[in-house]
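The structure appears below as structure tokens.
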Amino acid sequence: MPIITLPDGSQRSFPEPVTVAAVAASIGAGLAKAALGGRLGDRLVDTSYVISDDSPLAIVTTKDQDGLEMIRHSTAHLLAYAVKDLFPEAQVTIGPVIENGFFYDFSYKRPFTPDDLAAIERRMVELAAKDEKVERRVLPRDQAVAHFKALGEHYKAEIIASIPANEDVSLYREGAFEDLCRGPHVPSTGRLKHFKLMKLAGAYWRGDHRNEMLQRIYGTAWGSKEDLQQYLTMLEEAEKRDHRKLGRELDLFHMEEAAPGLVFWHPKGWAVWQQVEQYMRAVYRDNGYQEVKGPQILDKTLWEKTGHWDNYRDNMFTTESEKREYALKPMNCPGHVLIFKSHLRSYRDLPLRYGEFGQCHRNEPSGALHGIMRVRGFTQDDGHIFCTEDMILDECISYTTLLQKVYKDFGFNEIIYKVATRPEKRVGSDELWDKAEFAVMEALSRSGCDFIVAPGDGAFYGPKIEYTLKDAIGRQWQCGTMQVDFNTAERLGADYVTETSGRAHPVMLHRAIVGSLERFIGILIEQHAGALPAWLAPTQVVVLNITDVHADYAKSVAKSLQDHGLRVHLDLRNEKITYKIREHSMQKPPFIVVVGDKEKAAGAVAVRARGNIDLGVMALDAFVHRVLEDIASKT
């Protein structure tokens, strides 16, 4: 007689084992109709799952994140079902849930086309309308391998063959299609109503470039028509804001096949870069950091000591000279440790804060590269704090406060906080981990920050805080980090003299606020749709003359603005003023000023703010004051 405890604390008794669907029906017909699955403690199960013992149970619907994950997982199977129905010779491989959707990889004799994609989506709609029941069965591993080999699904058979021989595997069937899957899934295909196939891409089998190139179909799925439409609208807006598109249109940067994953910054883009870097340099200076600079290339033996050579070798660019192996640094941490240990340090020197705009290189797969958001060469606003265990809490609190101010200055007001705790494989005692995890959580609590905990997601050397910002259209970007490291300084032999004249290894706090400057500038471009605020804009004021008669006055206006430290573009071309205004407006400068007879006579300028807002005629001094105020306020 299982007793089921519901989320509100109420309990229901049943005379015999009961399915999740039956429990939902006992609560109400509406819930029974809406139920997609159930959550038994930490376990997500199908509605057909039979509960034999006393258990806590939450019914999962489209209103729950778990329900959305089930919808997406099941829609991936529906996609494979439709592909097999239309293209029987296609072989299915894997089809996981990803952020905002799913994908499925297929092996087929010819490339799928956009017309194929449309046909597959139509077939998915038809199959969903049949409302076929989704049923689970379990087979021994070897029997499952034989089953899929008989179907000609050799990729699926290979996946199952990698499972230990003594394990059973679960299969899910809907109509004529059956797939390997742990589940759970929605009760029937009729629950899958709000989806759309998005794009085609290539993907190597098992992610190995030596294997066959498969065809990947991406899709999205949601619990309601409104949620789907909202997501598609967001994607349309994101496409308009794409930093790669705006980078070309605004002449900020470009990429070359001759240097894949590396950025060519144009004058205007480099002006933006300099504003970000100089701002962060002032942050270093005003908050107790000493700026340092480490070498780009370091000997292999150093990376062996840190563990990078064994665990990160494939992502490192290497070189050789005089029979010695070297690597381009993928991160700045070891270099900062070597600077720390170059002198005898005392506890009186701590905390010691180093900051570096350190250029790093990582051998990212070509398929992962994405504009300036994901590159092979990048610069980090990298900082490391060497401190004692007792200093961790204070340092984490002050860092979070600093990070919040920086993000606000860049126009981001919403931050998501996550604490990643100890993984199974780790170094250091539980006592140290307890102290470090308490420090990062307490730091966020004292800073007034609600946070989520990601158990087991910490680095092997310590827990970390992840700071994720939300942009203007609701997308999330994880940028800032604070990592507590008890390991690296010890591995590289860094220590300090304690109060009792002994020796101890410092705790090393790894921290970055914007992270990769390349990526952060890409985020800024998309956040502001290219219309960067005055303090960041590559050109802050464009000066235009109406006719050649006003050229000298226009030059004097531009010179006066430049003397006040403003970034100015002077356009004296013999073109119609309406043409020049329209052309420069496309470049999104904060201000365009026009000078003609009236302005010249009055020592004034006619001002247009971005968005074709006419601010009228202003005295030049008043205009300068206005621009400088905008820059100072970072609005």
Tell me which trypsin sites (Lys or Arg not before Pro) from segment 161-256 have a DSSP coil assignment and no more than 15 other beta carbons within 10 Å of their own.
Arg182, Arg210
Evaluate the distance, in nm, between pseudo-label points positioned 7 Å from the Cα of Gln290 and of Glu89 along their respective Cα→Cβ axes.
7.0 nm
Using the Cα centre of the chain as the reference point, and only Cβ charges (+1 on K/R, -1 on D/E), how large is the resulting charge dipole? Debye, rounded to the nearest 20.
1200 debye
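Between Ala282 and Glu158, 0.36 nm times their residue separation minus their Cα-Cα distance comes to what?
Result for the pair: 39.1 nm of gain on full extension.
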For segment 16-109, convex hull of alpha carbons as volume per residue, Å³
127 Å³
Virtual paramagnetic centre 7 Å along Cα→Cβ of Leu628, amide N under 17 Å, in segment 568-590:
568
Less than 28 Å apart at the alpha-carbon level, and either on another chain or at least 8 residues along: which lysines does that give for Lys600?
Lys555, Lys559, Lys576, Lys580, Lys588
Take the Cα atoms of segment 386-505, build their convex hull, and give its volume per residue in Å³.
116 Å³
Rounded to the nearest 20 Debye, what is the dipole magnitude of segment 260-411 about its Cα centre when Lys and Arg each give +1 and Asp and Glu each give -1 at the C-beta?
320 debye
Put one equal scatterer on each alpha carbon of segment 474-562, apply the Debye formula with no solvent term, and list log10 I(q)/I(0) at q = 0.15, 0.18, 0.24 1/Å to two decimals.
-0.80, -0.91, -1.15
Give me Rg over Rh for segment 152-278, both radii from the alpha carbons and Rh done the Kirkwood way, two decimal places.
1.12
Within segment 513-557, what residues put their amide N at less than 19 Å from the label point 7 Å along the Cα-to-Cβ vector of Arg573?
539-552, 554-555
To the nearest 0.05, what FRET efficiency results for Gln562 and Phe264 with a Förster distance of 35 Å applied to their C-beta separation?
0.85
Which of the trypsin sites (Lys or Arg not before Pro) across segment 283-374 are loop residues per DSSP, with 10 or fewer other Cβ within 10 Å?
Lys323
Charge dipole (segment 563-622, unit charges on Cβ, about Cα centre) - positive-most of Ile581, Val617, Gly603
Ile581
Modelled label-to-label distance, Glu431 and Lys199, 7 Å Cα→beta-carbon offset: nm?
5.3 nm
Assuming R0 = 30 Å, can you tell me the calculated FRET efficiency for the pair Ala29 and Asp54, based on Cβ-Cβ distance, to the nearest 0.05?
0.75
In a Debye calculation with equal point scatterers on the alpha-carbon sites of segment 578-629 and no solvent, what is log10 I(q)/I(0) at q = 0.31 Å⁻¹?
-1.21
How many lysine pairs does segment 207-307 hold where the Cα atoms are under 30 Å apart and the two sit 8 or more places apart or on different chains?
6
Alpha-carbon Debye profile of the chain, log10 I(q)/I(0) at 0.06, 0.07 Å⁻¹:
-0.46, -0.63
Per-bin percent of Cα-Cα distances, segment 525-571 [10 Å]
27, 42, 25, 7, 0
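Beyond 13 Å, what percent of the Cα pairs of segment 331-374 remain?
The answer is 69 percent, as a whole percent.
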Are there any GluC sites (Glu not before Pro) in segment 306-344 that are in a DSSP loop and have at most 16 other Cβ atoms within 10 Å? List them by number.
Glu322
Specify the inter-centroid distance of segment 475-537 and segment 195-229, based on alpha-carbon positions, in whole Å.
33 Å
Label-point separation in nm, Asp450 to Ile3, each point 7 Å along Cα→Cβ:
3.3 nm
Express in whole angstrom the spacing between the alpha-carbon centres of segment 36-82 and segment 397-433.
32 Å
Output needed for segment 348-424: three equivalent-ellipsoid semi-axes, defined as square roots of 5 times the C-alpha gyration tensor eigenvalues, in descending order, whole Å.
27, 18, 16
Any chance you could run the full-extension gain for Lys133 through Leu338? It's 0.36 nm times the residue separation minus the Cα-Cα distance, nm to one decimal.
67.5 nm
May I ask which residue of Leu232, Ala29, Ile71 lies farthest towards the positive end of the charge dipole of the chain, with charges of +1 (Lys, Arg) and -1 (Asp, Glu) on Cβ and the Cα centre as origin?
Leu232
Full-extension gain between Arg503 and Glu389, please, as 0.36 nm times their residue separation minus the C-alpha to C-alpha distance.
39.6 nm
The chain, relative contact order in percent, only Cα pairs under 8 angstrom and at least six apart counted:
9 percent
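To check you understand DSSP bridge types, tell me what percent of the beta bridges within the chain (both residues inside) are antiparallel, rounded to 5.
85 percent
Where a number appears in this text, it was derived from the coordinates with a stated rule and is not lab data. Nothing here was measured: the structure is a model prediction, and the numbers come from that model. Methodologically, a virtual Cβ is constructed for each residue, glycine included, from the backbone with ideal geometry; neighbour enumeration extends over all protein chains shown.
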